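First up is the structure itself, then whatever we jot down about it.
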Amino acid sequence: MHVEKLLTASDLIREFKFDNPDPTTAIEAARPLPLWRKIWEIDAVRKLFLLAVMALVWQLYAIKLGNTLVLPSFTVTVQAFFNALKSGELIARSAVTLKVLSMGYIGGVTAAAVLSIFAIGSRLGSDLLDTLTSMFNVLPAIALLPLALLWFGLGTPSILFVLIYAVLWPMALNTLAGFSSISPTLKLVGRNYGLGGLRYVFLILIPAAFPSIVTGLKVSWAFAWRTLIAAELVFGVSSGSGGLGWFIYERKNQLETADVFAGLFTVIVIGILFENVVFRPLERNTVYRWGMRS
Amino acid sequence: MSIASIDSAAEENKAILSVEDVTLEYRTRRHLVTAILHASFNLFAGDRLVLLGPSGCGKSSLLKAVAGHLRPTSGRIMLNGKPIRSAGPDRVMVFQEFDQLLPWKTVLGNVAFALTASGNMKRKEAELAATHYLHKVGLNGFLHAYPHTLSGGMKQRVAIARCLSMRPEIILMDEPFAALDALTRQKMQDQLLELWRDIGFSLLFVTHSISEALLLGNRILLVSPHPGQIRAEVTVDPNVLGREGDSGFREIAERIHNTLFRDIADYSI
């Protein structure tokens, strides 16, 4: 009979059986890693390990060289650093540097914001900013220091001028790049809400361009920091106490090489501190949380 | 004045949206392209009007013009008797793209922000309304999730909840389900019809899919390309149509296809 040969759905579906042990008593599918593996998985541990290796190489080479004037050993440098820290000099010098730095940074970022907002308003404005950034982005800020000294004299105003210049262009460049890469759909959505003018800029454009804005903040922070230390190396004579750069220059003149290293070390430490205390959390709470960067 | 003109005037008064002899042009670096040529139609309260045509026929441009993002070269578009001059929250658009949600706001924040930004609603009130509409699209479990953690279908549901909550005169949809997988698309189409029966809104829907147009619309305008012109209007009668796959459905779909592609032999959807 042909009827008996007709297949039913249950003939066509074949389920597989697994002889897995009872899930309530079985070992879990995920097993813990061994302890040393767990520790090695921590970023900070791996990085500290690398730093320790580098310090060791430094120490061994310095001992072999045996010339403290040219290359003080790692331990001597650390000692000099803590001595300068204890005497309060390093902190005072850092404070002077950071004060000027923050003034210049805030000034530069504000100027960049004003320029960028002007630039997104009109095509001519964006052409202007585009031309200006391509002109000045390649011109190092420190090259303007002689001119600044001529205009503003020895002292903080000259440094501020150079600092604002150093911050302005990378910041404006990144902000503008951020604005121009916003998805057209998002812009239409903002318009659809009936937003216009500054409300549109602050509620839609700036958050939408935030990944690039954060990059701009970081890049221009590094620019500002480098420019300031370089400018302080050139002069600090008249500005009384002077900053970190001047500290380094002074100690070099006194042939205190370990102190020079301690000064450089401080520059690095403050840089890393800012990266971890300011920019990392800022990124984690904004662009990473929003899934705009991963 | 003849009786006929009085009649048509009365009918025009009932229309929420009237597009009158609209021509749309846009400029590329080398050409002035005509996207839509002399288009006229009315949309009445509660309509689900579909603009159906192949890609590049200008139907999306027409939708953008109604939204106020594009200005007609000639003709005019009237919303409740007033000409449309700019984009506004009385015509809310739902896009095909998943990035139409603000990535820096949660699901709830996205909908509530639309209400506070577009109207004068206070935050508390806006969040209450937002929760209500998100519940309607079945997203009450995801109020505090950020858009990038959602699937494509869920993102589109947020966009739909957002536009419903703004209570616009017309909802404008530009192929909102085109980027979804087939199963999700079907679910979303059903849900949209359900919401329409539940809330009752006026919809202008753009699609290039004949079956989607027949499924969602009560009237369909067929737009042919180069330049975009409205070739025919189809009134969708569910009794004649039947379900997808029925002979009535297939026959109408084929006739729509022939009307759209009469002049373009080698064009396929």
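The values are calculated or read from the model by the stated rules, or taken from the named source; none is laboratory data. These numbers come from a predicted model, not from an experiment. Cβ coordinates were reconstructed from backbone atoms using ideal geometry, including for glycine residues, and neighbour counts include every protein chain displayed.
Condition check ((1) free of Cβ contacts under 8 Å to residues at least 24 places away in the same chain; (2) touching a Cys at 6+ places or on another chain (Cβ under 9 Å); (3) among the β-branched types (Val, Ile, Thr)) across all residues:
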position: A:172; (1), (2), (3): no, no, no
position: A:181; (1), (2), (3): no, no, no
position: A:186; (1), (2), (3): yes, no, no
position: A:201; (1), (2), (3): no, no, yes
position: A:212; (1), (2), (3): no, no, no
position: A:223; (1), (2), (3): no, no, no
position: A:231; (1), (2), (3): no, no, no
| field | Identity of the residue in segment B:47-103, of a type in the set (Lys, Arg) and more than 14 Å from the chain's Cα centre (by Cα), that ends up farthest from the other protein chains (Cβ to nearest Cβ) | value | B:76
| Are any residues in segment A:254-265 among the aliphatic types (A, V, I, L, M), surrounded by fewer than 19 Cβ atoms within 10 Å (Cβ to Cβ) and free of Cβ contacts under 8 Å to residues at least 24 places away in the same chain, and if so, which ones? | A:264
| task | Would you mind stating whether residue B:172 is of a type outside the set (S, T, N, Q) and in contact (Cβ under 8 Å) with a residue 40 or more places away in the chain? | result | yes
| task | Scan segment B:37-65 for residues that are surrounded by 22 or more Cβ atoms within 10 Å (Cβ to Cβ) and assigned to a loop (DSSP other than H, G, I, E, B) and report the count. | result | 3
| Subset of segment A:188-209 [at the interface with chain B (Cβ under 7 Å from one of its Cβ atoms) and over 22 Å from residue B:91 (Cα atoms)] | A:207
| request: Could you identify the single residue in B:117, B:112 that is facing chain A (nearest Cβ under 9 Å), free of Cβ contacts under 8 Å to residues at least 24 places away in the same chain, assigned to a helix (DSSP H, G or I) and on the phi < 0 side of the Ramachandran plot? | output: B:117
| task | State all residues of segment B:80-103 that are free of Cβ contacts under 8 Å to residues at least 40 places away in the same chain and basic (Lys, Arg); if no residue qualifies, say none. | result | B:82, B:85
| message | Regarding segment A:160-179, can at least one residue be identified that is of a type outside the set (Phe, Trp, Tyr) and within 14 Å of chain B (Cβ to nearest Cβ)? | response | yes
| The lone exception for residue B:135 - which of (1) away from chain A (no Cβ under 12 Å); (2) within 22 Å of residue A:186 (Cα to Cα) it fails | (2)
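One line per residue, one yes/no per condition, for (1) at pLDDT below 90; (2) surrounded by fewer than 21 Cβ atoms within 10 Å (Cβ to Cβ):
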residue: A:221; (1), (2): no, no
residue: A:252; (1), (2): yes, yes
residue: A:267; (1), (2): no, yes
residue: A:271; (1), (2): yes, yes
residue: A:278; (1), (2): no, yes
residue: A:290; (1), (2): no, yes
| query | Looking only at residues in segment B:182-239 that are of a type in the set (Gly, Ala, Ser) and more than 13 Å from residue B:51 (Cβ to Cβ), which one is surrounded by the most Cβ atoms within 10 Å (Cβ to Cβ)? | reply | B:202
| Selected residue [in a helix (DSSP H, G or I), at pLDDT below 90 and within 14 Å of residue A:224 (Cα to Cα)] from A:142, A:164 | A:142
| note | Restricting segment A:254-294 to residues that are of a type in the set (D, E, K, R) and closer than 30 Å to residue B:105 by Cα, the one nearest to the other protein chains (Cβ to nearest Cβ) turns out to be A:289
| query | If we scan segment A:275-287, do we find a residue that is of a type outside the set (Gly, Ala, Ser) and within 19 Å of residue A:85 (Cβ to Cβ)? | reply | yes
| task | State which residue pairs qualify: first residue over 14 Å from residue B:208 (Cβ atoms) and inside segment B:248-269, second residue modelled with pLDDT under 80 and outside any loop (DSSP other than H, G, I, E, B) in any location, beta carbons under 8 Å apart, and separation of 6 or more residues or different chains. | result | B:248/B:240; B:248/B:241; B:249/B:241; B:252/B:240; B:252/B:241
| message | Against the definition (of a type in the set (Val, Ile, Thr), more than 22 Å from residue A:74 (Cα to Cα) and touching a Phe, Trp or Tyr at 6+ places or on another chain (Cβ under 9 Å)), how does residue A:286 come out, yes or no? | response | yes
| query | Out of segment B:78-107, which residues are in a strand (DSSP E or B) and surrounded by fewer than 22 Cβ atoms within 10 Å (Cβ to Cβ)? | reply | B:78, B:79, B:82, B:83
| task | Could you list all residues from segment A:167-187 that are surrounded by fewer than 18 Cβ atoms within 10 Å (Cβ to Cβ) and not in a loop (DSSP other than H, G, I, E, B)? | result | A:177, A:180, A:184, A:185, A:187
| remark: Here the residues within segment B:105-158 that are farther than 25 Å from residue A:293 by Cβ and more than 24 Å from the chain's Cα centre (by Cα) are B:120, B:121, B:122, B:123, B:124, B:125, B:126, B:127, B:128, B:140, B:141
| Hey, which of the strands (runs of 3 or more DSSP E) in segment B:156-269, taking only ones fully inside, have at least 3 residues that are out of contact with any Phe, Trp or Tyr (no Cβ under 8 Å at 6 or more places or on another chain)? | B:203-207, B:219-224, B:229-235
